[in-house]
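Report on the structure given below.
The values are calculated or read from the model by the stated rules, or taken from the named source; none is laboratory data. Quick caveat: nothing in here was measured; it's all calculated off a predicted structure. Positions of Cβ are backbone-derived with ideal geometry, glycine not excepted, and every protein chain shown enters the neighbour counts. In case anyone asks, the SASA skips ligands and DNA or RNA and just uses the protein heavy atoms, side chains included. Shrake-Rupley method; radii C 1.70, N 1.55, O 1.52, S 1.80 Å.
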Amino acid sequence: MTSTPVLLNRILVGILGIKLLAVGLFLVLLATVPAVAAWWHSWSADAWKGINQAFNNTRFPGRPESWLWIVLVLVTLLLMGLMVAWVAQQGKGRTNLLVSGDDAREVAGDVQIGGGVAEQALKHALAERPDLAGATVATYQVKGRPALKVRLLPRQGVAPHLLAAEVATLVEALDTVVGQRTPVLIHIGAGARTRFSRAERVR
Amino acid sequence: MSAADKQRVLHRETHSSRAVVATLAAGLVVVLCAYGLLESAVHAIGQPAWLIEPQTAAERLVALPAGVSPLLLGALGAVLAMIGLFFLLNAVLPGRRARHVLNSERPPADPRSGPDADEGGMPGSGGTTDGWDSPAVVVDDEVIASALARQARLAANVTPEQVMVVVSRRQVIVNVRPTSGVPLQEAAVLAAVEAELGEMALVPTPEVRVNLASTGVIGA
């Protein structure tokens, strides 16, 4: 339901994994195979010479420091900023508005109904059920339009399809109140609260 | 919203978003970058290095097989490779969660009338949710297992401790330990569990297997 960038996560995590794996395998080879060590010696000496050359060629006039350091620092800072931005994308997608639009009548103005209306109403309706150990309702934005996510924690032994059907009727009642059909996702889950609570024996 | 959107949401709910692994990876990169910055800043203001001078680090790296014991180097490499493998597998594997979609759709008796026939109904007031009429339902396998265990227990007439149900993607395994001296019909348990599963209409539909333990429980 959230707008977590799933594909981006897979790609970036995969890139990091491949790099770490390659470095790790290379270190193992370096420690065990002498031929690899010899190759690394010749290659890295050349590379090191090249890097030193680059730093020497990019000195500030009249000073011993190279401006490549500043570039390196900037690139590192940019990379850190990108990583923070990436983390900030995880689990986004909550919204506050359930309905927002022009009601197309003579009176000017927009109609807005907060997501709290649906959340409070559904939570209240579900709070007294003995077969639920807990319920949370949240409004998310899916493709730019609001949708509700109802998370139910039933006690042990409750039939999920019956529970889902009953919650569906509640949602339908809510739809008539709000005057708009809202897409709903019901997630019937298990957690520590359901695992250690008594089994449902009433129904 | 269309039926395609519903399918997309259901797919996202039954598969891991890898948010935790992504956060771990980002944290790792940030920590490495911060350390590099720290060392170069310390170097720039002319203070002694915290752990290692950048210049010395690079020279050590160039001369690598020398200067470090091969055992330590190999172990370090193995640990790095393991961490890399962890991230890579997390990215490549499908990342299914232990959840099933509960098909609350009406049975496909009514023909599918144009999936996106009335796209863009009135925005705001009375907009239709063509295709996403009934709620999309996702159920944790644990909940399914406890519901099935309850049915199996009722059918077998045993205590809850004598029934254990394992639900995986395509299989449901019901383990029942009968009460000593009380005969137990495997077919009855199977029928009860299958009836309950049939009512749930899970996607994908798992197969049921009932195992009756050869030893009984005394005094249950």
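Things worth noting here:
- Going through (1) more than 7 Å from chain A (Cβ to nearest Cβ); (2) open to solvent by less than 40 Å² (accessible area, probe 1.4 Å) one by one, B:G46 falls short only on (2).
- Checking A:V99, A:V33, A:V6 one by one, the residue that is within 30 Å of B:A81 (Cβ to Cβ) and facing chain B (nearest Cβ under 9 Å) is A:V6 and no other.
- Among residues of region B:137-182, those that are within 18 Å of the chain's Cα centre (by Cα) and either farther than 30 Å from A:P183 by Cα or not polar (S, T, N, Q) (or both), counted: 15
- If the condition is being assigned to a strand (DSSP E or B) and either surrounded by fewer than 14 Cβ atoms within 10 Å (Cβ to Cβ) or at pLDDT 95 or above (or both), then region B:77-102 contributes only B:R96.
- Residue match in region A:48-56 (condition: more than 7 Å from every other protein chain (Cβ to nearest Cβ), touching a Ser or Thr at 6+ places or on another chain (Cβ under 9 Å), surrounded by fewer than 15 Cβ atoms within 10 Å (Cβ to Cβ) and not aromatic (F, W, Y)): yes
- Test: residue in region A:63-73 that is at the interface with chain B (Cβ under 10 Å from one of its Cβ atoms), open to solvent by 70 Å² or more (accessible area, probe 1.4 Å), in contact with an Asp or Glu (Cβ under 9 Å, 6 or more places away or on another chain) and among the charged types (D, E, K, R): no
- Selection of region A:96-117 for residues being open to solvent by 80 Å² or more (accessible area, probe 1.4 Å) and of a type in the set (S, T, N, Q) yields A:N96, A:Q112.
- Hey, A:G134 touching a Leu at 6+ places or on another chain (Cβ under 6 Å), surrounded by fewer than 18 Cβ atoms within 10 Å (Cβ to Cβ) and at pLDDT below 90 or not: yes
- Residue list for region B:129-166, restricted to those being open to solvent by 10 Å² or more (accessible area, probe 1.4 Å) and in contact (Cβ under 8 Å) with a residue 60 or more places away in the chain: B:D130, B:G131, B:V158, B:T159
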